[in-house]
Structures are given as structure tokens and as C-alpha cells.
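Some notes on the structure that comes next.
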Amino acid sequence: FFFSSRRRHTRQRSVSWARRCVQETVLISPVFVHLFPVKQILSKKIFLSAQNISPFPTGPFTGEITAEQLKDIGINWTLIGHSERRTYFKESDVVIATKVRIALEHGINVVLCIGEKLAERESGKTLDVCLSQIDAVNKKISQKGWEKIVIAYEPVWAIGTGKEASPAQAQEVHDAIREWLGKNVSPKTALKTRIIYGGSVTEKSAAGLIEQHDIDGFLIGGAALKPAFKTICDICSAKLQFTPQLMPSFM
């Protein structure tokens, strides 16, 4: 993942990038069995995230990885609601919302993934689907809980399919998410919540996407395993005016 934290002074489109306070965050999210070994060698400038978390507390739930167990090994971030979890494991909005609540109760930050399938986009239901996924979470947590959540919009139809959402298509959804947060949570939450994009981002598509007003960074899949990941980080660094010396090395 690569995303920024930025405090907007206004929602006016004319606000310059220079007036935003920007702080970078870089996370990597290996499979569970590699979390602890990676933690031993990872630069402290880069955060470590689990890919999933159990909707149950610690107990007789064989095979589950609980929030308590993640905290035991010093993991303070988790991905929740990835499209593969929703699709292959049939995780409902309610289950995902429960996972978010449990993570927050244990002090774990959340990258909440949302997104529509191709049929839903083609039938004009993109915003209905995405906003209902967010609403399910909102019903389970407090307003303050949103301070520890990053929203990742990942259109399912653009993941590993060769299809790409245009910057305008991605921006439209990000803008709607921010507007929804302002109306249903608080204006402050809308301004401060980081909304990142995760639809097969590459070094070729990153520049056009990060220029969009409401795209605060990326959830990166296959490109994170290639030198392209550093290129994407460099593109974001230049566009969001990060201080160069804050950038970790990926070489």
C-alpha cells in the first residue's frame, strides 16, 4: 500500500497541493506466516499489515487469526474486506463490519476494501454497492473509529482482468465516498479520511490517478512485487510533494 495523510483546508477544487499537510504511509501485507519474520528485517519507516482478521475473539475457533494474536506479534494494521474475501469466502457486509469493529476495539488500524463487480457497474449500481458497504461498517463503529480507517476502493472488475478504471471513473467514486462520509459521519471525517485506489495500479497508470483530488494513494497488488513499486512511490512522492528524505528505500 502507499497512501498519504492530508488535511484539506477547504473542499474547493482550486486549493493548491502546496496548502495541504502531507504525511506518507507505506505498508506491506505478506501472508500471515511471514508477518513475524518480515517484521524482524523491515525498516521501521514501513508499516506491516495482516491480510485478514477473524470476526471472532480468541477462543475455540480452529484456524482463525484473531486481533489478540496480531497484537501479540506487534501488528497494528490489517486489511479487511478484500474482494477475494468477499467473493471466494462469501464474507458479507455484516461479517466485514464485525471484523472492523473487533480490529478497532483492539487498537488495530484498518484498510477497509470496498468495490463493485462488473455487472454492478454496467447496471449503474456502483455507488449503491460501494456506499452500502461503507454504511454497514458505520453502523458497527463510533465516529471516532473512522480515525483509524483507510478506505480502499478496488473495483473488482479492474483487478487482474486487464481492464482499467479511468482516472475520472475512480475519482467519481472517491468523491462520492467523501461526500457520503461528510453527510453520514461528519465533515471532519470526510476531510481527514484517506481514500486510496486499488484497481490494478501500475507505474503507467499511477500518475494520472494520483492527480485526482480525492485519490490519496494506492492499494497495490502485483506491481508491489516488481521494481515498479518504487516507481509508483516516487510518482506519488513527487505529486504529493513529500519530503524526499522521508521516503524509505525499496532498492
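The values are calculated or read from the model by the stated rules, or taken from the named source; none is laboratory data. Because the structure is a prediction, the values reported are computed rather than measured. Reconstructed Cβ throughout: ideal geometry from the backbone, glycine too, with neighbour counts over all protein chains shown. Just the protein is used for accessible areas: all its heavy atoms, side chains included, with ligands, DNA and RNA removed. Shrake-Rupley method; radii C 1.70, N 1.55, O 1.52, S 1.80 Å.
Summary of values
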{"item": "Verdict on residue 125 being open to solvent by 60 Å² or more (accessible area, probe 1.4 Å) and modelled with pLDDT of 95 or more", "result": "yes"}
{"item": "Complete set of residues in the range 209-228 that are crowded, with 24+ Cβ neighbours inside 10 Å, outside any loop (DSSP other than H, G, I, E, B) and in contact (Cβ under 8 Å) with a residue 60 or more places away in the chain", "result": "217, 218"}
{"item": "Condition met for residue 205 (more than 29 Å from residue 104 (Cα to Cα) and open to solvent by less than 40 Å² (accessible area, probe 1.4 Å))", "result": "yes"}
{"item": "Matching residues in the range 90-100 - criterion: being under 21 Å from residue 27 (Cα atoms) and among the charged types (D, E, K, R)", "result": "99"}
{"item": "Inter-residue pairs, beta-carbon under 9 Å, first without any contact (Cβ under 8 Å) to a residue 12 or more places away in the chain and under 17 Å from residue 33 (Cβ atoms) and in the range 64-88, second crowded, with 18+ Cβ neighbours inside 10 Å and of a type in the set (A, V, I, L, M), 6+ apart", "result": "64/53; 69/75"}
{"item": "Residue within the range 17-33 that is open to solvent by 70 Å² or more (accessible area, probe 1.4 Å), modelled with pLDDT of 80 or more and under 23 Å from residue 103 (Cα atoms) present", "result": "yes"}
{"item": "Residue 118 vs. criteria surrounded by 18 or more Cβ atoms within 10 Å (Cβ to Cβ) and either modelled with pLDDT of 95 or more or at negative phi (or both)", "result": "no"}
{"item": "Any hit, the range 132-146, residues being touching a strand residue (DSSP E or B) at 6+ places or on another chain (Cβ under 7 Å), closer than 20 Å to residue 56 by Cα and surrounded by fewer than 19 Cβ atoms within 10 Å (Cβ to Cβ)", "result": "no"}
